[in-house]
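Before any comments, here is the structure.
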Amino acid sequence: MSLNLYNEFGMRSATLKWIVLIGCIVIAIMVGIQLYWLNHIYKLEQKQFRTNVIKSIRGLFEDIDISNRPDGHLQQLIATQPDPNTFIIKTDVIPSKDTLIYYISNELIDFDVMTECIVAAYDKNEKEYTYRQQIASPALQSRFDINSIPVYPADYHYILLQFPGRNKYVLSQMNFWIIGSIIVILVLIGLAVSLFYFYKQKFLVEIQKDFVNNFTHEFKTPLAVMKIASEVLSQPGITKQPERMEKYTSIIRHETEHLQSQVERLLKMAASEQQELPIEKNSFNVKELIEQAVSKLQPLMETRGAKIDVKMNDEKVEMKADKNHLELAVVNLIENGIKYSARPSIVIEAGKTDSESFIAVKDNGIGIDKKYYKNIFKKFYRVPTGDVHNVKGFGLGLNFVKKIVDAHNGRIVVNSIPGIGTEFKIIIPS
């Protein structure tokens, strides 16, 4: 294999990932533009509302004689505006209540100001409103407390127009834009979610396809060897060749153990995905654990001519952890060291401090570049192996090792020099 499986589907999904990312960015920009445009329309409606009110006020000055300067500019007719909902109109005289209410109502309707309006007339001599009245809206029906209108002291008569339902009215004028924008935003968000879901499903399909391909590659060779060996053993007269029979029997046994090991690993990986690893901590001799791990790899060691050296300052050192799971982790690390070395030479060290215990596996393999450190513990990831194309596997070993270490609240440290070798150090709290 010229490239690892993870990189193969990683490269294939990289383009799709960028397409999805760019698509989501474009959708986010479109949503932002839609919200900006909606806010812009809201401001325009606010501005139009104010303009219509000012036109209504100008019409009021034309309808009744309340100012010595009825031909003044529209903006000059408003003495002040304490807030966006309130207009104070300076007058020379105070009109009668019925006259004012009649004409201001007609002017507001003429200029499409269809919201409640509270009208009050202020007498500069009395320093108080002489009357107050709410003009109901034909479009919106709400009741407001007209007595709660604050008094704005002034040295002139004025008419106060307050529109407490202005914001609600402006928003009602934007119903079409609001509903349309909500629909567009929901569609865009749905499209973004669909893109993300599509990418996720595509990624999972790629993983599944590559896993099946690698699974087939991993199991095809041992099965083929076993088939050939069984055919040899079924030949007439094989019992008369005990050495040959023993040779092919050992081949079948070796390949069977290999397949069994791979199946157990896959089953344990599947179990670890469904639930947390069931950790049962017990004290055990570290050297015994290492010897058991090495014995399980004896056939592979003989095939590859691997040498393993165990270094321990204290052969009686004990560790408290889940022995079975930790043994599997050590087996994975040793197996990697053998598989990725031309002439495997493995050094295993173990020790203990007051707060931690450790097991380190050091090999003389092809090494790992630092840029791959962050990915090597990901599921299905396999570091590109350069010119070594005959290394098989599922890319699950280091991922499972990391799960075991994490389940013990420990950590795993990697030190590697490309072309020299790699050291994995499992550290477990005492």
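The values are calculated or read from the model by the stated rules, or taken from the named source; none is laboratory data. Keep in mind that what you see is a predicted model, and the values were worked out from it rather than measured. Backbone-built Cβ (ideal geometry, glycine too); neighbour counts: all protein chains shown.
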Which residues, taken from region 151-166, are surrounded by fewer than 16 Cβ atoms within 10 Å (Cβ to Cβ) and either among the hydroxyl-bearing types (Ser, Thr, Tyr) or free of Cβ contacts under 8 Å to residues at least 60 places away in the same chain (or both)?
Val151, Tyr152, Pro153, Asp155, Tyr156
Of all residues in region 172-205, which are surrounded by fewer than 13 Cβ atoms within 10 Å (Cβ to Cβ) and within 30 Å of Met114 (Cα to Cα)?
Asn175, Phe176, Ile179, Ile182, Ile183
Considering every residue within region 112-124, establish whether at least one is on the phi > 0 side of the Ramachandran plot, modelled with pLDDT of 85 or more and not assigned by TED's automatic domain parsing to the domain that holds Leu188.
yes
Filtered residue count, region 15-48, keeping only those that are of a type in the set (S, T, N, Q) and touching a residue at least 24 places away in the same chain (Cβ under 8 Å):
2
Would you confirm whether or not region 142-151 contains a residue that is farther than 30 Å from Asn68 by Cα, at pLDDT below 85 and of a type in the set (A, V, I, L, M, F, W, C)?
yes
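Which residue out of Ile57, Ile64 is in contact with a helix residue (DSSP H, G or I) (Cβ under 7 Å, 6 or more places away or on another chain), farther than 23 Å from Ala192 by Cβ, free of Cβ contacts under 8 Å to residues at least 60 places away in the same chain and of a type in the set (A, V, I, L, M, F, W, C)?
Every option except Ile64 fails the conditions.
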Would you mind stating whether Gln208 is modelled with pLDDT of 75 or more, closer than 30 Å to Cys24 by Cβ, assigned to a helix (DSSP H, G or I) and not charged (D, E, K, R)?
no
Taking region 268-313 and keeping only residues that are over 21 Å from His408 (Cβ atoms) and modelled with pLDDT under 85, one is left with Ser295, Leu297, Gln298, Pro299, Leu300, Met301, Glu302, Thr303, Arg304, Asn313
Is it the case that Asn332 is part of a helix (DSSP H, G or I), in the same structural domain as Asn399 (by TED's automatic domain parsing), under 40 Å from the mean Cα position of the chain (by Cα) and over 15 Å from Val414 (Cα atoms)?
no
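Please determine whether any residue of region 337-355 is in a helix (DSSP H, G or I) and surrounded by fewer than 19 Cβ atoms within 10 Å (Cβ to Cβ). Give the derivation first.
In the first step, residues of region 337-355 are kept if they are in a helix (DSSP H, G or I); the result is 337-339.
Subsequent filtering for residues that are surrounded by fewer than 19 Cβ atoms within 10 Å (Cβ to Cβ) retains none.
There is no residue in region 337-355 that is in a helix (DSSP H, G or I) and surrounded by fewer than 19 Cβ atoms within 10 Å (Cβ to Cβ).
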Return the residue satisfying two criteria in turn: it lies in region 10-43 and is among the polar types (S, T, N, Q) and more than 17 Å from Tyr197 (Cα to Cα), and of such residues it is modelled with the lowest pLDDT.
Gln34
